[in-house]
Amino acid sequence: MNFDYYKYHALGNDYIVIDPNKTNVNLTEKNIRLICHRNFGIGSDGILYGPFFQDNSMSLRISMRILNPDGSEAEKSGNGIRIFARYLVDQHYITTKEFTLKTAGGTVQVELLDKKGRQIKVDMGTVTFTVSGELIICNQPLEVICLSIGNPHCVVLCDELSREVTCRLGAAIEAHSQFPNRTNVQFLKVIDRHTIQIEIWERGAGYTLASGSSSCAAASAAYKMGLVDNAVDVHMPGGIIHVAIQKDGHVFMTGPVSAVGSGLFSEDLRELLSANQ
């Protein structure tokens with residue numbers, strides 16, 4: 001039986017997978033907002049839309065889209081990539097241990113560390129650092145380091161972390177004039193040479209329990225500042241992701257994926273989705 005949606009989470013960062021090969025739904029901005037809404041829709045931190053296939057005569061290339069709950073589109077998501085990879089395994093689109101996925105933020109290499117895809121390693125590409133220094137937010141000077149790993153990040157070095165501060169300052173940083181396309185925000189506390197802790201404000205989604213690309217960004221920033229070694233465990237409210245950084249800035253991320261369930265859109269919801277064409 002084909003379902004309208006499949007739901008997974010990666011350390012509490014939950015996504016709905018909608019497969020265009022199985023489900024006919026027009027993902028307008030309004031419909032994305034409705035589906036992701038935790039009271040009026042299914043509820044999630046975003047939608048993973050795909051797979052889309054392109055045969056370049058050498059190999060079958062699989063691409064995906066990452067849609068934020070505010071209706072915008074993300075270039076890359078580490079947790080989203082792992083979740084989508086797990087979906088491809090569950091639906092037998094993929095039968096190999098290693099494969100590539102194309103995102104708007106670049107092509108990534110995926111490696112399954114077990115047959116069911118419950119632990120997945122992703123080659124996230126190379127980090128590019130942009131700006132570092134002081135940023136004034138809410139009349140408060142913050143030490144930041146900004147970078148891209150296919151999507152933008154602003155890492156804030158902190159002595160202590162809290163959800164309240166993350167929500168208050170994260171929203172202001174995301175929309176700061178220095179970031180015309182907005183940015184993801186990580187508040188970073190270094191625990192030791194192999195361990196960091198972060199709180200996350202995700203562009204287009206808000207406060208988030210875990211993030212793969214944020215883990216890579218924060219670990220890379222800490223490594224560039226000489227605060228950690230190249231193998232780092234990133235602790236988040238939802239759990240731990242392991243990040244390995246090469247000298248050239250190349251980053252590998254390893255973490256879990258859990259299936260939640262699958263279902264059908266009700267007639268009531270389908271009517272709303274059809275009205276939002």
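The values are calculated or read from the model by the stated rules, or taken from the named source; none is laboratory data. Quantities reported herein were computed from a predicted structural model and do not represent experimental measurements. Neighbour counts are summed over all protein chains in view; Cβ atoms, including those assigned to glycine, are modelled from backbone coordinates with ideal geometry. To get the accessible areas, we keep the full protein, side chains included, count just its heavy atoms, and leave off ligands, DNA and RNA. Shrake-Rupley method; radii C 1.70, N 1.55, O 1.52, S 1.80 Å.
Quick notes on this structure:
- Rounded to the nearest 20 debye, the dipole magnitude of the stretch 52-180 is 660 debye, with +1 charges on Lys and Arg beta carbons, -1 on Asp and Glu beta carbons, and the Cα centre as origin.
- The chain, dipole about Cα centre (Lys/Arg Cβ +1, Asp/Glu Cβ -1), debye to the nearest 20: 460 debye
- Per-pair calculated FRET efficiency, R0 = 41 Å: ASN26 and LYS247 via Cβ, rounded to 0.05: 0.35
- Applying Stokes-Einstein at 20 °C and 1.002 mPa s to the Kirkwood radius of the stretch 1-160, computed over alpha-carbon pairs, gives a translational diffusion coefficient of 125 µm² s⁻¹.
- Here the extension length gained between ASN139 and PHE3 equals 44.0 nm, from 0.36 nm per residue of separation less the Cα-Cα distance.
- Carbon and sulfur %, accessible surface of the chain computed with the full protein complex present, 1.4 Å: 49 percent
- Averaged per residue, the stretch 19-116 has 47 square angstrom of accessible surface, using a 1.4 angstrom probe with ligands and nucleic acids left out.
- Ordering of 168-178, 71-81 by packing [mean C-beta count within 10 Å, highest first]: 71-81, 168-178
- Under 11 Å, Cβ to Cβ, from ILE16 - net charge with Lys/Arg +1 and Asp/Glu -1: -3
- Pairwise centroid distance, computed over Cα atoms, of the stretch 208-263 with the stretch 85-118, Å: 18 Å
- For LEU11, residues with placed amide H under 5 Å, excluding near neighbours: SER258
- With the convex hull of its Cα atoms as the shape, the stretch 137-277 has an orientation-averaged projected area of 10.9 nm².
- GLU111/PHE40 FRET efficiency (R0 35 Å; Cβ-Cβ; nearest 0.05): 0.40
- Counting only alpha carbon atoms, the long axis of helix 78-90 and the longest principal axis of the chain meet at about 30°.
- Taking only the C-alpha atoms of the stretch 70-169, Rg followed by Dmax gives 17.4, 53 Å.
- Only Lys, Arg (+1) and Asp, Glu (-1) charged, at Cβ; the stretch 100-255 dipole about Cα centre in debye: 480 debye
- The residue among GLY238, ILE198, ALA175 whose Cα reaches farthest toward the positive pole of the charge dipole of the chain, with charges on the beta-carbon of Lys, Arg, Asp and Glu, is GLY238.
- Restraint check, LYS121/LYS189; LYS189/LYS224; LYS76/LYS116, Cα-Cα greater than 19 Å: LYS121/LYS189; LYS76/LYS116
- Hull volume per residue, based on the alpha-carbon atoms of the chain and their convex hull, is 132 Å³.
- Binned Cα-Cα distances of the stretch 47-114, short to long, each 5 Å bin given as a whole percent: 4, 16, 31, 26, 16, 6, 2, 0
- Cα-based Rg / Dmax (Å) for the stretch 84-136: 15.4, 50
- Solvent-accessible heavy-atom area per residue, rounded to whole Å², over the stretch 120-277 at 1.4 Å: 43 Å²
- Rounded to 10°, Cα long-axis angle of helix 163-174 versus longest principal axis of the chain: 80 degrees
- Modelled label reach - ALA104, point 7 Å along Cα→Cβ, the stretch 117-135 residues with backbone N closer than 11 Å: none
- The heavy atoms of HIS250 present about 40 square angstrom of accessible area, all protein chains included, probe 1.4 Å.
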